[in-house]
Amino acid sequence: MERTFAMVKPDGFSRGLVGEVIRRFEGKGLKIVALELKEFSPELAEEFYAEHKGKGFFSSLVELITAGPSVGMVLEGPNAVKIVRTLIGATNPQEAQPGSIRGDFGLELPANIVHASDSQDSFKRESRIFFGKEF
Ligand code: CMP
């Protein structure tokens, strides 16, 4: 069975969308393997989003992700990476389809409610950074 990492970001947390996001993942049939609430330090945020360093939106992204708690989770199910990416929708909430989490609840980048790993490599890396252990 495949695993992936997903995270309700501080904008989603502050709007009270943790339960809604988890309901959609569980409703689809995915199993929660790990779940934790965590506040990102600027250092941890820079490590987590290292691939975006140097981009114009990087400082606003770090500001967003350090603004309050995030809720990270490891999810398990067949083809979990692809299924979760479909459930959350396109990165830009203005382009995300209605019916997806970002399409239903997001309005403007960088605030797009959730993050999810885009590959098995990023799942390994991101879950290690968030939980401080291997999955
Ligand atoms: P996420 O899936 O967590 O991965 C990187 C994040 O950077 C993304 O969601 C957005 O929050 C943010 N982001 C990506 N592209 C842009 C952009 N063009 N402008 C502002 N923020 C962005």
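Below is a table of values for the structure above.
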quantity: Relative contact order, percent, the chain [alpha-carbon distance under 8 Å, six or more residues apart]; calculated: 35
quantity: In Hz, Karplus ³J(HN,Hα) per residue of segment 79-94 (6.51, -1.76, 1.60; θ = phi - 60°; x = Gly, Pro); calculated: 6, 4, 4, 5, 5, 5, 4, 5, 5, 7, x, 4, 3, 7, x, 6
quantity: Amide H within-cut-off set for residue 34, under 5 Å, with H built and near neighbours excluded; calculated: 74
quantity: Farthest toward positive dipole pole in segment 1-121 [+1 Lys/Arg, -1 Asp/Glu at C-beta], among 41, 97, 4; calculated: 97
quantity: Semi-axes of the equivalent ellipsoid for segment 8-61, Cα gyration tensor, largest first, Å; calculated: 26, 13, 12
quantity: Cβ-based exposure ranking for 115, 52, in which fewest neighbours within 10 Å come first; calculated: 52, 115
quantity: Interatomic Cα distance distribution for segment 57-135, bins of 10 angstrom, percent; calculated: 18, 45, 35, 3
quantity: At most 16 other Cβ within 10 Å, DSSP loop - GluC sites (Glu not before Pro), segment 1-63; calculated: 39
quantity: Test item: Cα-centred dipole of segment 21-87, Lys/Arg +1 and Asp/Glu -1 on Cβ, debye; calculated: 480
quantity: Neighbour cut-off at most 12 other Cβ (10 Å), DSSP loop, trypsin sites (Lys or Arg not before Pro), segment 1-87; calculated: 53, 55
quantity: Principal axis dimensions, largest first and in whole angstrom, of the chain by Cα; calculated: 36, 34, 23
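Computed from the coordinates by the stated procedures, all read-outs in this text should not be read as laboratory data. The structure displayed is predicted, hence computed values, not measured ones. Here Cβ is always computed from backbone atoms with ideal geometry, including for glycine, and neighbour counts include all displayed protein chains.
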